[in-house]
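The values are calculated or read from the model by the stated rules, or taken from the named source; none is laboratory data. Computed from a predicted model, the values in this text were never measured in an experiment. A quick note on method: Cβ atoms are made from the backbone with ideal geometry, for glycine too, and the neighbour counts reach across all protein chains shown.
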Amino acid sequence: MNKIDGLMFRQMILSGAKNLKKNADYVDSLNVFPVPDGDTGTNMNLSMSSGAQEVENLNEKHIGTVGKSFSKGLLMGARGNSGVILSQLFRGFSKALEDKEVVDTDDFIAALKQGVKTAYKAVMKPVEGTILTVAKDASHKAKEFQGQNADIETVMMATLEEAKASLKRTPELLPVLKEVGVVDSGGQGLVYVYEGFLSALTGEEVEEDEKISTSDLLVDDHEHENDFDDFMSVDDIEFGYCTEFMVRFEDGKRPFDEDQFRQDMAEFGDSLLVISDDEIAKIHVHTETPGEAFTYGQTYGELIKLKVENMREQFRTVHGNNSKNTDKKSYDTAIITVSTGEGIKALFESVGVTHVINGGQTMNPSTEDIVNVIKDEDVKEVLILPNNKNIVMAAEQATHMFDIPAAVVPTTSIPEGLAALLSFDPNAKLEDNKKNMTEAFEFVKTGQVTYSVRDTKIDGVEIKKDQHMGIADGQIITADDSKKDVLKALITKMIDDETEIITVIVGEDGSEEEANEVIEEIESQHEDLEFELHIGSQPVYSYLISVE
């Protein structure tokens with residue numbers, strides 16, 4: 001096989017997604033820390049499934065068209081650092097193919113190279129020994145076949161074998177992988193995708209019974225049961241058709257200017273949302289004339305994924321004529337944060353957060369989840385606090401998809417998020433708030449108490465399965481069968497001469513009584529310290545500790 005078209009590439013995508021989904025649990029298990037939050041496989045699976053869903057029913061021979069749809073699906077569904085990097089790998093890959101109906105072996109090799117270049121560029125501080133290294137090494141192996149008239153199957157086989165070899169080398173590049181005895185989880189996920197690609201090329205079928213689906217994503221923007229909650233009766237619905245479509249830009253048609261496009265689309269109705277990049281625009285609008293909106297969109301390119309729903313009929317079916325009246329929410333600054341636990345949610349709301357996305361460890365929200373949280377609301381600017389290092393990249397990606405100014409305060413824990421919010425000034429400029437809030441959380445130390453999911457030794461600490469562990473700023477510093485002893489040892493080790501305030505947030509598996517006992521014991525030795533105790537009800541972590 002010296003050439004592949006869009007139909008074959010579609011099969012490769014679906015096969016890669018199936019193989020990754022089949023092995024996602026194993027990828028999750030490769031988490032370096034033995035904590036119950038390994039989610040690389042979950043993130044990569046949901047991201048890849050989002051891309052696969054875009055092409056699953058696409059009967060298109062033009063490989064560039066298939067690549068654009070795949071790339072867009074990945075981009076919108078990307079969650080976690082691994083999912084964002086995967087989306088960038090195939091964004092670059094698909095960009096290299098966009099003008100081609102079919103690709104030969106040299107084109108395929110060039111696309112692999114472009115994918116790696118795009119992914120490295122997207123990461124501020126690339127770390128070797130990760131999925132980036134596996135993709136890079138595999139691409140270099142493929143390049144050896146450039147100009148050799150090799151068939152694509154042979155190149156894919158060599159690419160896969162080098163990806164596997166590179167994966168085995170990741171512990172030599174990242175000492176923590178070697179210490180724990182695992183390979184890089186993101187690299188393993190990419191290997192499974194490449195295995196699926198090769199299976200499609202050789203005509204083999206990946207054993208997977210379940211249909212590709214993203215029904216378990218946190219937010220599904222294809223459901224509109226709340227789109228008409230603002231109306232008292234069906235007669236109050238001014239624009240009755242919830243209209244969604246995507247425009248794939250085409251040469252020879254009107255050049256896309258997002259500001260002008262949004263201004264023109266606003267004439268068709270309200271509740272307008274426009275998300276775009278240099279290849280495609282996604283539009284949501286409530287209008288009386290969906291056909292006219294489609295016609296206008298066609299002046300920029302080809303329409304895909306058209307959907308129109310009659311909100312008046314939905315209203316009659318779901319609400320009758322007695323629906324509640326809810327005013328449209330309006331914010332000068334929407335502050336979006338990510339957390340789990342009703343107590344933590346209440347804490348964030350008490351210090352000014354306007355939108356809390358349910359997520360964190362084990363369930364990272366996608367780029368689209370973050371964008372959709374203020375959908376149909378009147379917002380002038382957005383601040384995002386991810387509160388997890390694995391959500392920062394998705395949050396940064398989301399800032400480019402809002403049609404209003406947006407910024408990320410790169411918090412990586414709940415205590416950092418709470419500290420940052422105390423420095424928010426509603427009268428300050430967006431960039432000034434980002435700067436001041438970032439500076440505020442840099443002085444906060446974060447502690448966590450959780451349990452081990454396996455026997456291991458890391459950072460010089462011997463850990464047995466099901467033991468409680470104390471983690472300070474990402475480093476495991478103590479482990480013991482007694483949760484109370486771990487909590488006390490952790491707080492004691494985090495205290496220094498500069499410490500003034502210690503906050504303890506009790507999780508689902510924690511105890512307020514136990515926390516108070518520990519606080520009393522430490523207070524008896526450090527009378528100058530101030531303690532705060534909150535019930536967070538968060539999963540995974542029995543206790544979260546903030547030391548300032």
Worksheet item: What is the one condition in (1) surrounded by fewer than 17 Cβ atoms within 10 Å (Cβ to Cβ); (2) part of a strand (DSSP E or B) that VAL449 does not satisfy?
Response: (1)
Worksheet item: Which condition number does ILE471 fail, the rest of (1) among the β-branched types (Val, Ile, Thr); (2) at pLDDT below 90; (3) surrounded by 20 or more Cβ atoms within 10 Å (Cβ to Cβ) being met?
Response: (2)
Discussion item. Can you name every one of the strands (runs of 3 or more DSSP E) wholly within the range 474-548 that holds 3 or more residues which are closer than 19 Å to PHE348 by Cα?
Written reply: 501-506, 530-535, 543-547
Worksheet item: Do the conditions hold for GLU208, that is, is it outside the structural domain of GLN11 (by TED's automatic domain parsing) and either farther than 23 Å from LYS141 by Cβ or at pLDDT below 95 (or both)?
Response: yes
Response to the item:
Picked from the range 165-198 (must be closer than 18 Å to SER29 by Cβ and of a type in the set (Lys, Arg)), the residue surrounded by the fewest Cβ atoms within 10 Å (Cβ to Cβ) is LYS168
Discussion item. Looking at (1) within 18 Å of the chain's Cα centre (by Cα); (2) under 16 Å from PHE197 (Cα atoms); (3) of a type in the set (D, E, K, R), which one does LYS3 not meet, given that it meets all the others?
Written reply: (1)
Worksheet item: So which of SER452, SER423 is in contact with a His (Cβ under 9 Å, 6 or more places away or on another chain) and either in the same structural domain as ALA407 (by TED's automatic domain parsing) or small (Gly, Ala, Ser) (or both)?
Response: SER452
Fill in: Residue check for LEU190: at pLDDT below 95 and among the aliphatic types (A, V, I, L, M)
no
Worksheet, complete the sentence: Within the range 117-152, residues among the aromatic types (Phe, Trp, Tyr) and either in contact (Cβ under 8 Å) with a residue 40 or more places away in the chain or not assigned by TED's automatic domain parsing to the domain that holds GLN88 (or both) come out as PHE145
Worksheet item: Can you find a residue in the range 376-383 that is modelled with pLDDT under 90 and touching a Leu at 6+ places or on another chain (Cβ under 6 Å)?
Response: no
Worksheet item: Which condition number in (1) under 22 Å from THR412 (Cβ atoms); (2) β-branched (Val, Ile, Thr); (3) modelled with pLDDT under 90 is the one that THR456 fails?
Response: (1)
Worksheet item: How many residues does the range 90-104 contain that are surrounded by 22 or more Cβ atoms within 10 Å (Cβ to Cβ) and touching a strand residue (DSSP E or B) at 6+ places or on another chain (Cβ under 8 Å)?
Response: 2
Worksheet entry | Condition broken by ALA122, with the remaining ones in (1) surrounded by 24 or more Cβ atoms within 10 Å (Cβ to Cβ); (2) among the small types (Gly, Ala, Ser); (3) under 20 Å from SER366 (Cα atoms) satisfied | (1)
Worksheet entry | ILE477, sole failed condition from (1) more than 30 Å from ALA407 (Cβ to Cβ); (2) in contact (Cβ under 8 Å) with a residue 24 or more places away in the chain | (2)
Response to the item:
By my count, helices (runs of 4 or more DSSP H) wholly in the range 8-89 with at least 3 residues that are at pLDDT 90 or above and buried (at least 24 other Cβ atoms within 10 Å of the Cβ) are 40-55, 63-77
Discussion item. So, ALA489, is that one more than 22 Å from PRO539 (Cβ to Cβ) and outside the structural domain of VAL540 (by TED's automatic domain parsing) or not?
Written reply: no
Worksheet entry | Hits in the range 422-446 - residues which are among the hydroxyl-bearing types (Ser, Thr, Tyr) and touching a residue at least 24 places away in the same chain (Cβ under 8 Å) | THR438, THR446
